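The values are calculated or read from the model by the stated rules, or taken from the named source; none is laboratory data. Everything numeric in this text was worked out from a predicted model, so none of it was measured. Positions of Cβ are backbone-derived with ideal geometry, glycine not excepted, and every protein chain shown enters the neighbour counts. All accessible areas refer to the heavy atoms of the entire protein, side chains included, with ligands and DNA or RNA removed. Shrake-Rupley method; radii C 1.70, N 1.55, O 1.52, S 1.80 Å.
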Amino acid sequence: MEDATVRPIGPSTGRRLSALARHLGGDHPASPSSTSEAAPMASLNHAIAPSHTSAFHGGSVFGNVVQAPEDPILGVTVAYNKDPSPVKVNLGVGAYRTEEGKPLVLNVVRRAEQLLVNDLSRVKEYLPITGLAEFNKLSANPAIQENRVATVQCLSGTGSLRVGAEFLAKHYHERTIYIPLPTWGNHPKVFTLAGLSVKTYRYYDPTTRGLNFQGLLEDLNASPTGAIVLLHACAHNPTGVDPTVEQWEQIRQLMRSKELLPFFDSAYQGFASGNLDADAQSVRLFVADGGELLAAQSYAKNMGLYGERVGALSIVCRAADVAGRVESQLKLVIRPMYSNPPIHGASIVATILRDRELYNEWTVELKAMADRIISMRHLLYDALRSRGTPGDWSHIIKQIGMFTFTGLNTEQVAFMTREYHIYMTSDGRISMAGLSSRTVPHLADAIHAAVTRAV
Ligand code: PGU
């Protein structure tokens, strides 16, 4: 029997790749400069395009495969690891480090893992396609009483975005997704390869180093009815600039009046304010009006579960019967992709979320991480002021979440890496979570030298 849901792999993959190549190449409305990683993406253009092998090259059928560039964010860690300098600092990837510069496993995570290890009734059977049911229930927005949400466990935030995008490409009538300018560098790739067409809306104003709220409203207003809109739920990456609650309400009204479909990316819940509920306000505003939306959640940062790859995709629908059918189709997206998700990370999260005491301990540890990042903002700001570094650096203390979008340009970043062994993304983003009071003076020296000496 013909399965109508199966798409031919060859031509469709080819189309997606050429759409991505077009997108990265610059003749698309969302040109390379529209993302936070303009320079490296341009070179991806030829590297990502399939290279069809017609003959042996150097004795290998893969001889004509071209060398792909490193990832603009994860590649920073690769370069950092190769640097033998004792003073090197990695401020590239958004991963929390302690004051000693070490990765942190939350105490509450250790406790949950101990409980799991001690529970000999636990087995390693496959999870259902949709993942651990209790994890999904506990991850879904508590505001949703009516059962009108389909939640599936996915491979962290990225996997949740990808599954959501694949679902939309298959079942939603409008294929265009608007993403903020700039945004996380992986967004355009995830959405394009899922079969959506990516456009941008204005978000950040480099002159004020704040939100371009007028531009945002104008661009959303000019978008076609029904278009998908990617929104960072809080702690926008890379800018650290979020709308206020009042602005969110205006965005909500505009989007609902134009029937734009919100797709929230929630990768930093708890890192903006230190409070999980405060950071969920944007999503909850949209849930409260009874309308529909998607939300991709990641536990990578807020539970420090990066490598466990644990996250959830929720599709909030108008009614429970729709949600049931949506979930049935999500299973058809997931099954041929990775069959079903891993069990360990989701079990840790469920253990913590189900237990009042563990949950409270988590919120305390999360707040401590957020507070340490804020104290790094003040230390860096003060260090630049005391050096008399030219420029207004108040955005360092105004921006929120894991990152500061410094305003340093590509040349200045390259200079800081070359001369000071400071590793960061080329768009001038620094991960404040990678700093410590020991490394702040070195970073301040590097920034000072970059803005006073580099071209
Ligand atoms: N969405 C946003 C906005 C992100 O910043 C990230 C991670 C993700 C989703 C995906 O996170 P998961 O690990 O899949 O849950 N961005 C970090 C981490 C490095 C990376 O690029 O994946 C960053 O440094 O931007």
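Looking for something of a type in the set (Asp, Glu) and in the same structural domain as ALA323 (by TED's automatic domain parsing) - is there at least one such residue anywhere in the range 164-183? Looking through the range 164-183, at least one residue is of a type in the set (Asp, Glu) and in the same structural domain as ALA323 (by TED's automatic domain parsing).
Does GLU218 satisfy the criteria of being assigned by TED's automatic domain parsing to the domain that holds MET337, away from the ligand (no atom under 16 Å from the Cβ) and out of contact with any strand residue (DSSP E or B) (no Cβ under 6 Å at 6 or more places or on another chain)? Yes: the conditions hold for GLU218.
Scanning the range 414-432 for residues that are within 22 Å of the chain's Cα centre (by Cα) and more than 23 Å from SER266 (Cβ to Cβ) yields a total of 4.
Please verify whether ALA368 is among the hydrophobic types (A, V, I, L, M, F, W, C) and either open to solvent by 50 Å² or more (accessible area, probe 1.4 Å) or not in a helix (DSSP H, G or I) (or both), treating the condition exactly as stated. Criteria met by ALA368. For the range 55-100, the tally of residues that are hydroxyl-bearing (Ser, Thr, Tyr) and over 20 Å from GLY428 (Cβ atoms) stands at 4. Scanning the range 247-272 for residues that are surrounded by fewer than 22 Cβ atoms within 10 Å (Cβ to Cβ), among the charged types (D, E, K, R) and not in a loop (DSSP other than H, G, I, E, B) yields GLU249, ARG252, ARG256. Counting only strands (runs of 3 or more DSSP E) that sit wholly inside the range 173-246, those with at least 3 residues that are open to solvent by 10 Å² or more (accessible area, probe 1.4 Å) are 176-181, 197-202. Looking across the range 415-455, the residues that are surrounded by 19 or more Cβ atoms within 10 Å (Cβ to Cβ), small (Gly, Ala, Ser) and in a helix (DSSP H, G or I) come down to ALA433, GLY434, ALA444, ALA446, ALA450. Evaluate the range 337-348: report whether one residue or more is in contact with a Lys or Arg (Cβ under 7 Å, 6 or more places away or on another chain), open to solvent by less than 60 Å² (accessible area, probe 1.4 Å) and within 11 Å of the ligand (Cβ to nearest atom). Looking for residues that are in contact with a Lys or Arg (Cβ under 7 Å, 6 or more places away or on another chain), open to solvent by less than 60 Å² (accessible area, probe 1.4 Å) and within 11 Å of the ligand (Cβ to nearest atom), one finds at least one in the range 337-348, hence yes. Set side by side, the residues ALA169, ALA165, ALA140, ALA150 differ, and just one is under 22 Å from the mean Cα position of the chain (by Cα), aliphatic (A, V, I, L, M) and within 16 Å of the ligand (Cβ to nearest atom), which is ALA165.
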